[in-house]
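The values are calculated or read from the model by the stated rules, or taken from the named source; none is laboratory data. All values reported here derive from a predicted model rather than from experimental measurement. Counting neighbours? That spans all protein chains shown, and the Cβs are built from the backbone with ideal geometry, glycine included. Calculation scope for accessible area: heavy atoms of the full protein, side chains included, ligands and nucleic acids excluded. Shrake-Rupley method; radii C 1.70, N 1.55, O 1.52, S 1.80 Å.
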Amino acid sequence: MKNNFKAAMEPASAKDAPEIASLLSWAFGFSKERSDEYIANVGLGSLRLLRGAGMRVDACAALLETAHIFHGKPVSAANIAHVAIAPECRGQGLAVPFVDAMCEEAQRNGAAIATLFASTRPVYRKSGFELAGHEIIYEAQTISLPVASKLAFERVDLDDPRIASNYAVKTLGEAGLLSRCPAHWNELRRKPTDALAAYLAEGDAAYLILDMGNKTCLTVRDWYTGSPEAAQGVLSFLARFRSVYPAVRWHGGPQDDLVAAMPDKGWRLAHQEEWLAGVLDPAAALRQRGYHVEDARLALRIGQAETPLALEIEIKAGAVEVREATGTPCPTISVQAPAFVQIFTGFRSASKLAQYGQVIGSAVDIRLCDQLFAGPLPWVAEHF
């Protein structure tokens with residue numbers, strides 16, 4: 001059955017757009033207008049279909065070529081976005097082979113990892129996905145925002161190239177952020193465009209993309225601050241909206257720059273969920289990733305004890321080499337496959353996973369793994 005599903009998967013064409021729009025409406029509550037906009041934003045060429053009887057579209061999803069940034073280095077990736085299955089076809093085992101087929105296509109195209117958001121995590125764990133990072137939305141009362149900064153802002157076009165340049169800088173100081181493809185930027189600039197505005201601070205110290213379409217809450221669709229002073233400036237600029245909007249919301253990291261610039265009170269965590277990752281090519285993923293150490297050597301035995309994948313990471317003066325473990329003396333840990341995903345992204349440490357029985361090794365070798373994959377907690381600045 002799985003092979004039949006894989007054979008039926010195919011790219012979308014223009015004639016499929018009405019059926020795809022209906023699936024998106026049934027799965028995510030999209031309006032007809034929003035469904036059409038989403039299809040246009042991601043592009044028909046990014047959409048994959050699973051057909052059933054009579055060539056009807058039973059499932060669809062977007063497959064977006066991108067990268068996630070870890071310690072300043074891009075790891076080639078594919079986002080599997082908005083998996084929609086027709087209501088009458090749910091519960092029939094379509095999701096796993098559909099996702100497996102997309103992962104195989106992504107790997108053929110050079111992706112080392114695949115990432116997604118899942119409404120039913122056990123389904124995607126069957127395809128090798130595991131918790132990998134955070135999506136967090138913070139909310140603050142506008143009346144509580146600091147107003148002392150005098151950082152000047154100018155309104156700029158939504159596609160001003162300085163915004164993308166500053167976002168690229170932002171990715172270097174965090175873990176897990178996307179190297180955005182056009183589809184990601186299109187979705188950030190989605191309708192209602194008449195309520196959207198972009199602002200850039202003097203000296204390119206910060207930027208904001210604001211959605212002012214809901215008077216109960218000002219939504220920051222995207223933002224960047226280059227310093228603590230710039231973070232204060234962003235909050236001060238947002239405080240100017242307090243006569244209209246009682247609250248403001250933004251996507252942020254587990255250790256968030258805007259939260260750090262806030263007073264102790266007046267803000268809260270409004271929403272949190274996790275995205276999942278599957279490592280399609282462990283050697284390539286380890287080779288592409290950045291690390292927080294200049295010199296280290298560690299062997300990983302990944303997977304089942306009977307048939308593990310044995311890889312050795314060696315870092316010399318910051319240069320990374322990944323090869324099959326040779327059996328020569330080397331610090332070594334054994335890692336269950338789900339634990340490897342979490343260690344790779346930095347979502348959980350080897351020490352913590354060892355407490356859960358998912359990592360085995362000496363205390364010294366486990367601490368070495370902690371050091372190797374140390375860094376900020378991974379997150380993304382949008383929901384894909």
For this session: Note down the net charge around residue 84, summing +1 for each Lys or Arg and -1 for each Asp or Glu among other residues with Cβ under 12 Å from its Cβ.
Result: 0
For this session: Would you compute the Debye intensity of the range 1-152 from its alpha-carbon atoms alone, equal scatterers and no solvent, and pass along log10 I(q)/I(0) at q = 0.14 Å⁻¹ to two decimals?
Result: -0.74
Exercise. What FRET efficiency do you get for residue 51 and residue 73 if R0 is 30 Å and r is their Cβ-Cβ distance, rounded to the nearest 0.05?
Worked result: 0.20
Exercise. Using a basic spin-label model with each label point 7 Å from the Cα along Cα→Cβ, how many nm lie between residue 307 and residue 215?
Worked result: 6.4
For this session: Run through the DSSP bridge list for the chain and note the antiparallel percent, rounded to the nearest 5.
Result: 85
Exercise. Which percent of the accessible heavy-atom area of the chain goes to carbon and sulfur, probe 1.4 angstrom?
Worked result: 52
For this session: Using R₀ = 45 Å, calculate the FRET efficiency as 1/(1 + (r/R₀)^6) where r is the Cβ-Cβ separation of residue 31 and residue 328; round to 0.05.
Result: 0.15
For this session: Report the label-to-label distance for residue 15 and residue 241 in nanometres (one decimal), using points 7 Å from each Cα along the Cα→Cβ vector.
Result: 4.5
Seminar exercise, completed: Taking the chain and counting helices only, DSSP H stretches of n ≥ 4 at -39,500 (n - 2.57) each over all residues, the nearest-500 ellipticity at 222 nm comes to -8500 deg cm²/dmol
Problem set entry | Heavy-atom accessible area per residue - the range 149-237, 1.4 Å, Å² | 42
Exercise. Given +1 on the Cβ of Lys and Arg, -1 on the Cβ of Asp and Glu, and no further charges, what dipole in debye does the chain carry about its Cα centre, rounded to the nearest 20?
Worked result: 560
Seminar exercise, completed: Everything considered on the Cα gyration tensor (a ≥ b ≥ c; rounded for a/c under 1.5, else prolate if a/b is larger than b/c, else oblate), the range 116-260 must be described as prolate
Exercise. Going toward the positive end of the dipole of the chain, with +1 on Lys and Arg Cβ and -1 on Asp and Glu Cβ, which of 169, 59, 179 do you reach last?
Worked result: 59
For this session: With +1 on each Lys and Arg Cβ and -1 on each Asp and Glu Cβ, and nothing else charged, work out how big the dipole of the range 1-139 is about its Cα centre, in Debye to the nearest 20.
Result: 380
Problem set entry | Order of exposure, largest accessible area first, which applies to 9, 212 with probe 1.4 Å | 212, 9
For this session: Would you indicate which of [x] 30, 58, 12, 0; [y] 26, 53, 20, 0; [z] 25, 32, 26, 16, 1 is the value of P(r) over Cα pairs in 20 Å bins from 0, in percent derived from the coordinates of this structure?
Result: [y]
For this session: Give me the number: length gained by fully extending residue 273 to residue 164, i.e. 0.36 nm times residue separation minus the C-alpha to C-alpha distance, one decimal in nm.
Result: 36.7 nm
Exercise. Hey, with R₀ at 30 Å, roughly what FRET efficiency would residue 320 and residue 109 work out to, going by the Cβ-Cβ distance, to 0.05?
Worked result: 0.85
For this session: Kindly identify the range 78-142 as rounded, prolate or oblate by the Cα gyration tensor criterion: order the square roots of the eigenvalues as a ≥ b ≥ c, call it rounded if a/c is under 1.5, otherwise compare a/b with b/c, prolate if a/b is larger, else oblate.
Result: oblate
Seminar exercise, completed: Yeah, the range 284-353 with a ≥ b ≥ c from its alpha-carbon gyration tensor (a/c under 1.5 is rounded, else prolate when a/b outruns b/c, oblate otherwise) is oblate
For this session: Just need the relative contact order of the chain here, percent rounded to a whole number, with Cα pairs under 8 Å and 6+ apart.
Result: 19
